[in-house]
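Each value in this text was obtained by applying a stated rule to the coordinates, not by laboratory testing. It should be emphasised that the depicted structure is a prediction, and the values quoted were computed from it without experimental measurement. As a convention, Cβ positions derive from the backbone with ideal geometry for all residues, glycine included, and neighbour counts pool all protein chains shown.
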Amino acid sequence: MARIRNRRDLLSPKRFFGTVSGAKHHGRFFAGFESMMGALENPEEMKFSAFASDSMVVWNRCLSFLRDPFFRGIADDPNNDTKDRGTIWRTYLLEYFAQVASGHPGDFLEVGCYQGHTASVLCQRVDFAKLGKRYHLFDLFEWNEGDPHLDLPALLEPGLYERVKARFADKPFVSIHRGPVPDTFPGNLPDQIAFAHIDMNNATAEAAAVEAIYPRLPKGGTIVFDDYGWWMLSDQKQAVDRVLANTQDCVLELPTGQGLLIKRG
């Protein structure tokens, strides 16, 4: 892009600097960012339209989610977990596809709900009561030595299950299921599933979840995988791809590291 169009016709630039996953030296990382911007045409404009967070560095973006007061509020709220603020682009995409899927028959699943952040976002944005849909949350709510999933901080603290129950106590359409997946599926999995968000950091469990969920998706039913595109978690991508190999569907890897499946028939 050799020159910028008439600035009067353009949106005001937005930028976001959040958590930089895997950065050993944050000062050096951002010094490198400044150096990279300086190597571009229109460096100031590019710098102020940049996003650097969640293992992504991009520039010359409109960053529409930062123009939405709801998502801007999540990103700016100091009471929100640093990771939840830093993954705001993922949350924005998740909410969009959940809204689209809400028009299809079936209930919603959050498979690996952790502290309930993304489930809380969808509860605020999808009118489950009006739609007559239920929202099922599944998680172990703990980590023990030798467990294959990641030892995320809240999993190491006692009382996570009780805190998540309290968080959704005023949501009668939410059901919370404690235990390993897929062991907790029998008797709790809806006959039809419009939307599922899978985030277990465990290839074996994620493959088992897809085996159970995929046949229950109607045409247009959606699964969003939180970790599908992350190279350091690519055992999950391989496990999911094997399950879907004999179907007509596949997962689209998104730039955020997520994966998207929309059932075609």
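Values as computed for the structure displayed
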read-out	value
Longest segment of the chain lacking trypsin sites (Lys or Arg not before Pro) that sit in a DSSP loop with at most 13 other Cβ atoms within 10 Å	25-218
Rounded to 5, percent antiparallel among DSSP beta bridges of the chain	30 percent
Amide H within-cut-off set for SER55, under 5 Å, with H built and near neighbours excluded	SER21
Choice from GLY38, GLY159, GLY187 with maximal GNM fluctuation in the chain (Cα, 10 Å cutoff)	GLY187
Modelled label reach - ALA23, point 7 Å along Cα→Cβ, the range 68-87 residues with backbone N closer than 14 Å	83, 86-87
Distance (nanometres) between label positions extended 7 Å along Cα→Cβ at CYS250 and GLU145	4.3 nm
Charge dipole magnitude, Cβ of K and R +1, D and E -1 - the chain, Cα centre, debye nearest 20	1160 debye
5 angstrom amide H check on GLY221, placed H, neighbours 5+ away	LYS263
Under DSSP loop assignment and at most 12 Cβ neighbours within 10 Å, longest GluC sites (Glu not before Pro)-free interval of the chain	146-265
3J(HN,Hα) from dihedral phi, the range 159-175, Karplus parametrisation 6.51/-1.76/1.60, rounded to Hz, x for glycine, proline	x, 4, 4, 5, 5, 5, 4, 5, 4, 10, 4, 9, 10, x, 7, 9, 10
Among PRO190, PRO158, PRO255: highest mean-square fluctuation, GNM of the chain, C-alpha pairs under 10 Å	PRO158
Whole-Hz couplings from phi, Karplus 6.51/-1.76/1.60, listed for the range 196-204; x for Gly and Pro	9, 10, 10, 8, 10, 6, 8, 4, 5
Difference of contour (0.36 nm per residue) and Cα-Cα distance, ASN80 to ASN188	35.9 nm
Translational diffusion of the chain, µm² s⁻¹ [Kirkwood Rh, Cα pairs; Stokes-Einstein; 25 °C; 0.890 mPa s]	124 µm²/s
Partner lysines for LYS171 [C-alpha distance under 17 Å; skip if fewer than 8 residues away on the same chain]	LYS130, LYS133
Per DSSP, loop chymotrypsin sites (Phe, Trp or Tyr not before Pro) in the range 26-83 with at most 13 further Cβ within 10 Å	PHE48
Computed [θ] at 222 nm, helices only, for the chain once each DSSP H run of length n ≥ 4 contributes -39500 (n - 2.57)	-9500 deg cm²/dmol
